[in-house]
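Step one of this worksheet: look at the structure below.
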Amino acid sequence: MSEAVQFTPVAASHALPLDVLYADAFLAVVNKPAGLMVHDSALARGETDFAADRLREQFGKPIFLVHRLDRATSGCLLLAFDRDTASALGKTLMAHDVEKDYWAICRGWPAEPAFTVDHPLDGGPGKPQKKPAITHFSELARCELAWPSTGFATSRYAWLRASPQTGRFRQIRRHLKHMFHHLIGDSSHGDGRHNRNFRMQGIHRMLLHAQRLAFTHPHTGARVEVLAPVDAEFGKALALFAAAPAA
């Protein structure tokens, strides 16, 4: 029986290298910082700093990205060091055998402690065809803060775990908007009034973090589970939940 291996490192603060959460001869998981694009694309708009380039230099060999994270999203990014490993991991991903859990902070309190959004999404700009998209959510904590919002003396927020079953364009962000629980810090699909509340607290990033990645190693058969620590700004947002009175 395969042995499960869990890694929970302490966050580092290197400017150039990305924090390595797990690595062996075949693959690695790194903690991508918010604001860093994974690779060059039509959305880059003159950007010259990419995670893929940093990682090739950092590891000193070719790397193959197994999946993507939005520029504004931080957390677990899986890569392989050879095509065969990348192909095997890609098949595992397509078979939904890779567990991906995200932390998200949204406006409002969900009606249920756990809920699923089954709402088809298009593929983004130039890809109008809608495809099935499913995300499972569970509430980790909630808080009510003394920040006036439209018609109310306070503002309510929830800390969620999001587990996407599919991997559509900006899926978690768009599913939260669909439920009127907009993701905090999302300038494209969020709520500007609540985003401003958090900016006034020194929290300027989008509050979506790929916190956990779990999969079966394609060569050893071992179960690998990796946890990514949050950065200082996301930690500041989580501290609001600890400081607020119990809901």
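Nothing in this text is a laboratory measurement; each read-out follows from the coordinates by a stated rule. Because the structure is a prediction, the values reported are computed rather than measured. Positions of Cβ are generated from backbone atoms using ideal geometry, with glycine treated the same way; all protein chains shown enter the neighbour counts.
Some points to look at:
- The range 124-247 - convex hull of alpha carbons, volume per residue in Å³: 149
- When every Cα-Cα distance of the range 33-96 is counted in 5 angstrom steps from zero, the calculated P(r) takes the values 4, 17, 24, 24, 20, 9, 2 percent.
- A cut-off under 12 angstrom between Cβ atoms defines the neighbours of His67, and their net charge, with Lys, Arg +1 and Asp, Glu -1, is +2.
- Scaled against 2.2 N^0.38 Å for its residue count N, the alpha carbon radius of gyration of the range 27-153 is 1.32.
- Once the convex hull of all Cα atoms in the range 125-168 is built, its volume per residue stands at 126 Å³.
- GluC sites (Glu not before Pro), loop per DSSP, at most 16 other Cβ atoms within 10 Å - longest free stretch of the chain: 48-247
- Taking the range 141-247 and dividing mean pair separation by its residue count, relative contact order in percent (alpha carbons under 8 Å, at least six apart): 23
- The chain: antiparallel DSSP beta bridges as a percent of all, rounded to 5: 85
- Remark on the range 156-207: ratio of C-alpha radius of gyration to 2.2 N^0.38 Å is 1.14.
- Point-to-point label distance, Arg56-His178, nm (Cα→Cβ direction, 7 Å offset): 3.6
- Charged side chains reduced to their Cβ positions (Lys and Arg at +1, Asp and Glu at -1) give the range 142-247 a dipole of some 260 debye around its Cα centre.
- Extended-chain gain in nm, criterion 0.36 nm per residue less alpha-carbon gap, Leu93 and Ala153: 17.1 nm
- Cα→Cβ-extended label distance, 7 Å offset, between Thr220 and Ala25, nm: 1.1
- Charge sum, other residues only, whose C-beta stays under 14 Å from Val226's C-beta, Lys/Arg counted +1 and Asp/Glu -1: -1
- For the chain: relative contact order, % (alpha-carbon pairs under 8 angstrom, 6 or more apart): 23
- Listed cross-link partners Lys91/Lys131; Lys61/Lys177; Lys100/Lys236; Lys131/Lys177; Lys131/Lys236 are compared with a 29 Å cut-off, the Cα-Cα value being larger for Lys61/Lys177; Lys131/Lys236.
- Here's the picture: a label point sits 7 Å out from the Cα of Asp118 along the beta-carbon direction, and within the range 132-175 the residues with their amide nitrogen under 14 Å of it are 132-137, 165-166.
- Ratio of Rg to Rh over the chain (Cα coordinates, Kirkwood Rh, two decimals): 0.97
- Based on alpha carbons, the Rg and Dmax found for the range 103-179 are 14.2, 42 Å.
- Taking trypsin sites (Lys or Arg not before Pro) as exposed when DSSP calls them loop and at most 13 other C-beta atoms lie within 10 angstrom, the chain has its longest site-free stretch at 131-247.
- The orientation-averaged projected area of the convex hull spanned by the Cα atoms of the range 59-121 comes to 6.5 nm².
- Phi-based couplings in Hz for the range 91-99 (Karplus 6.51, -1.76, 1.60; Gly and Pro marked x): 5, 5, 5, 5, 7, 6, 9, 9, 8
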